[in-house]
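Right, one structure below, let's go through it.
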Amino acid sequence: MTIKIFRFAALIFFLATGNGNVSAQVYNGIIGYVPCVFMTGSNLFNNPLQSGANTLGELFNKFTISGGPTITNPPTGTIVSLWNPTNSSFGTSSIFTNGSWTINMTLPPGTGALLITPKPFTNTIMGVLLDHNGILVTNDTASFPPPSVFSGPNGTYLLGDKSPFIDTGTDIFLNIIGRVPFIGEKVTLLSGTSTYLGNGVWDSIPTLAVGQADFLTIMSEPPPALTIINTNNLTIVSWSSSASPWTLQTNSDLVNGTWGNYAGSITNNSITNSSATGNLFFRLSYP
């Protein structure tokens with residue numbers, strides 16, 4: 001997905017107030033439209049522009065752009081669900097039926113959602129360009145610094161970029177939560193999960209397209225350092241006492257073996273073992 005026809009202008013959204021009246025909201029900035037392709041079944045998406053009040057009725061609105069495409073309604077039966085990071089499940093849902101949404105939910109830029117549709121369709125979102133912080137861009141020479149660093153608790157969040165850029169690898173974390181990922185943090189799309197291994201390396205490099213959302217497994221602090229000391233034919237393995245979510249794992253063969261949780265006794269994030277006669281590797285795994 002790519003953004004089309006940006007230009008500096010005033011964009012007017014006409015908003016229903018709920019009492020039968022209509023109010024006008026004017027944005028002066030760089031405007032354009034983003035065609036978003038939705039396939040049959042499940043899709044993770046994000047609103048990549050400021051589109052009035054950012055309601056579903058405005059994001060999925062039937063109209064014609066002068067010199068551009070005609071926007072059609074989504075198929076009847078299309079469902080949009082919002083993610084609840086507190087209980088790690090989808091909660092509030094809205095269904096498109098009889099030409100409107102059962103709940104005209106708000107989807108601010110950067111907030112991800114799940115869309116399930118009975119057949120493929122393309123929706124074009126029209127709006128004003130924002131930077132990664134969600135601030136209106138008012139000139140075509142503006143820079144796009146990372147947003148403020150995410151301050152929420154550990155957890156899994158469904159998020160997208162507030163600005164319409166293709167994010168790859170480390171840029172996904174930088175442009176969405178304001179920092180590069182910590183070791184063990186993850187990007188999950190419907191096609192699979194990518195885990196950050198450190199030093200700019202992923203087990204598989206994730207890519208987030210314009211208007212797409214992903215699940216980010218976020219930690220509030222860097223991973224603890226794992227310390228291994230051999231003394232008097234004993235191996236002492238320890239790590240920070242504050243690192244409660246981490247699990248110690250072992251593996252005897254990095255090529256053909258598999259990692260498993262350490263089965264022995266752990267006291268204050270420390271273990272003491274007799275030194276292994278062969279290879280024995282340790283790591284900390286984040287849930």
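The values are calculated or read from the model by the stated rules, or taken from the named source; none is laboratory data. Keep in mind it's a predicted model, so treat the numbers as computed, not measured. Here the Cβ positions follow ideal geometry from the backbone for every residue, glycine too, while neighbour counts run over all protein chains shown.
Quick notes
- Subset of segment 101-142 [hydroxyl-bearing (Ser, Thr, Tyr) and within 14 Å of residue 211 (Cα to Cα)]: 111, 122, 124
Residue by residue, here is whether (1) loosely packed, with under 13 Cβ neighbours inside 10 Å; (2) over 21 Å from the mean Cα position of the chain (by Cα); (3) modelled with pLDDT under 85; (4) not in a strand (DSSP E or B) holds:
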| residue | (1), (2), (3), (4) |
| --- | --- |
| 197 | yes, no, no, no |
| 265 | yes, yes, no, yes |
| 276 | yes, yes, yes, yes |
| 287 | yes, no, yes, yes |
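- Residue within segment 16-32 that is on the phi > 0 side of the Ramachandran plot and at pLDDT 90 or above present: no
- Residue, farthest from the chain's Cα centre (by Cα), within segment 131-160, restricted to residues that are outside any loop (DSSP other than H, G, I, E, B) and within 30 Å of residue 184 (Cα to Cα): 155
- Test: residue in segment 134-146 that is of a type in the set (Asp, Glu) and over 30 Å from residue 197 (Cβ atoms): yes
- From the list 229, 271, 205, the one residue that fits, being loosely packed, with under 15 Cβ neighbours inside 10 Å and part of a strand (DSSP E or B), is 229.
- The one condition in (1) under 25 Å from residue 86 (Cα atoms); (2) at pLDDT 85 or above that residue 201 fails to fulfil: (1)
- The test for being in contact (Cβ under 8 Å) with a residue 60 or more places away in the chain, surrounded by 14 or more Cβ atoms within 10 Å (Cβ to Cβ) and assigned to a strand (DSSP E or B) holds for residue 217.
- Look at segment 170-184: where a residue is assigned by TED's automatic domain parsing to the domain that holds residue 202 and a partner is in a helix (DSSP H, G or I) and of a type in the set (S, T, N, Q), sitting 6+ places away or on another chain with Cβ atoms under 7 Å, you get 180/170; 181/170.
- Checked against the criterion of being touching a Ser or Thr at 6+ places or on another chain (Cβ under 6 Å) and surrounded by fewer than 13 Cβ atoms within 10 Å (Cβ to Cβ), the candidates 106, 97, 86, 117 yield just one match: 97.
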